[in-house]
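Enquirer: This is the structure, below, for whatever I ask next.
The values are calculated or read from the model by the stated rules, or taken from the named source; none is laboratory data. Given the structure is predicted, the values throughout are model-derived calculations rather than measurements. Positions of Cβ are generated from backbone atoms using ideal geometry, with glycine treated the same way; all protein chains shown enter the neighbour counts.
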């Protein structure tokens, strides 16, 4: 299988070729390895390659799942594989090796996917650029001066650049949707409780973080959720079961929907005109497809949502770093983590259990208020981010300019965080491209447990305004890659 043939297929098509014996699983994995050897030195998206292990797995009997023989990458955060490194993008975890498979990793394998390595993440997934002191900067394959977004920037860059057609990603405040928007791929954040988090993790970011994938086609995302989103015994949350497979939803046009359009950010931060244009253009397309598009005005106090994330993220950083240091039998020292992460961990020492409990109450109250407003619509349409693109390194956890860091990160998450607080499904759709042929994501948020409507709408939009052909330009000389 040559590179052109490999890049022409999404994951479902690739698996069909394997199941029909037109190619072998080993050939599919080798094509992914070959593509990685060409593009990964430019973008730095794949770390901890397990290529020989993947080739060996491809040569053996594989489960007859919908992703049989498809090469697949895991993010360097949360999803464990026995015997594999899991560094969390942090120097304190540089030698960390997992002792067990997570439930999600087992389900990927049961679907037939072949795990071939990990993708980059910023330290502990705490920012919206994929750059760390441990692994360096991951770059946007459309323009190597730009950030791919974060924290799943390695996954999104790898998919956009054609290393794999689909890759695991996670989202605690926009970390699937933001890199999907910057890298021009499809990224859906499922409802709280939709995908498993166990066995060692009860929840992430106080229930605000969820795992799924980024992909080049909508149907790959839907099929993967079909494969992974079933009962997780003992989990603290459980999303309502869908009425039918999500893969069928992608091929079905939705009924006429009531869509709320909001181009002003939820938190009042400035929105780039290109992002507004992308949302309005998509709204016009939705109207042409028979949907009712009406203005929406949802307002959230930036101070409130910042306070929620401040307490939860500081607590996460503190527990993670201090527990790791205790496990290693050493004190936590300056340099074990990046400056912003260390600051969060130190601030956690001044927070009490009552602070944490009060923050959860505020978050749940905000969730109820917002969810009631959103119930006036079937879906809400917004820009994915308030900034169309971002220079690499601006929101690095090692950036000493805290004012610049705070301003830029607030713009990146201005439309995404609230769906995490509420536990609602939301997706970034790569349906708009700028006058300079750069991707600009558009977000749709849905009601709790209703990924079906989102997949139906995404499939309809993909048919109306296809985007798969854009990937042929990724890392081409005209985009500055050389």
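Enquirer: Given the criterion more than 29 Å from residue 231 (Cα to Cα), in contact with a helix residue (DSSP H, G or I) (Cβ under 9 Å, 6 or more places away or on another chain), part of a loop (DSSP other than H, G, I, E, B) and modelled with pLDDT of 95 or more, identify the matching residue among 49, 63.
Expert: Sole residue among the options that is more than 29 Å from residue 231 (Cα to Cα), in contact with a helix residue (DSSP H, G or I) (Cβ under 9 Å, 6 or more places away or on another chain), part of a loop (DSSP other than H, G, I, E, B) and modelled with pLDDT of 95 or more: 49.
Enquirer: Just to be sure, is residue 439 within 28 Å of residue 89 (Cβ to Cβ), crowded, with 17+ Cβ neighbours inside 10 Å and in contact with a helix residue (DSSP H, G or I) (Cβ under 9 Å, 6 or more places away or on another chain)?
Expert: Spelling it out, residue 439 is indeed within 28 Å of residue 89 (Cβ to Cβ), crowded, with 17+ Cβ neighbours inside 10 Å and in contact with a helix residue (DSSP H, G or I) (Cβ under 9 Å, 6 or more places away or on another chain).
Enquirer: Please count how many residues of region 104-150 are surrounded by fewer than 20 Cβ atoms within 10 Å (Cβ to Cβ) and closer than 17 Å to residue 79 by Cβ.
Expert: Looking only at that region, the number is 3.
Enquirer: Another question about this same structure. Filter region 94-146 down to the residues that are in a loop (DSSP other than H, G, I, E, B) and touching a strand residue (DSSP E or B) at 6+ places or on another chain (Cβ under 6 Å), then identify the one that is nearest to residue 71 (Cα to Cα).
Expert: Looking at the filtered set, the residue picked out is 113.
Enquirer: Inside region 258-372, counting only helices (runs of 4 or more DSSP H) that do not spill past its ends, which hold 3 or more residues that are buried (at least 20 other Cβ atoms within 10 Å of the Cβ), touching a residue at least 40 places away in the same chain (Cβ under 8 Å) and touching a helix residue (DSSP H, G or I) at 6+ places or on another chain (Cβ under 6 Å)?
Expert: By residue number, 302-328.
Enquirer: Exactly one of (1) in contact with a helix residue (DSSP H, G or I) (Cβ under 6 Å, 6 or more places away or on another chain); (2) more than 21 Å from residue 295 (Cβ to Cβ); (3) part of a helix (DSSP H, G or I) is unmet by residue 460. Its number?
Expert: Residue 460 satisfies every listed condition except (1).
Enquirer: Any idea how many residues of region 49-95 are under 21 Å from residue 136 (Cβ atoms) and without any contact (Cβ under 8 Å) to a residue 40 or more places away in the chain?
Expert: Final tally of qualifying residues: 4.
Enquirer: Taking region 397-433 only, how many residues are over 18 Å from the mean Cα position of the chain (by Cα) and either buried (at least 24 other Cβ atoms within 10 Å of the Cβ) or within 28 Å of residue 461 (Cβ to Cβ) (or both)?
Expert: 3
Enquirer: Filter region 147-162 for residues that are touching a strand residue (DSSP E or B) at 6+ places or on another chain (Cβ under 6 Å) and outside any loop (DSSP other than H, G, I, E, B) and give the result.
Expert: Answer for region 147-162, where residues must be touching a strand residue (DSSP E or B) at 6+ places or on another chain (Cβ under 6 Å) and outside any loop (DSSP other than H, G, I, E, B): 154, 155, 156, 158, 159.
Enquirer: Return the total of residues in region 222-258 being in contact with a strand residue (DSSP E or B) (Cβ under 8 Å, 6 or more places away or on another chain) and farther than 19 Å from residue 103 by Cβ.
Expert: Here the count works out to 3.
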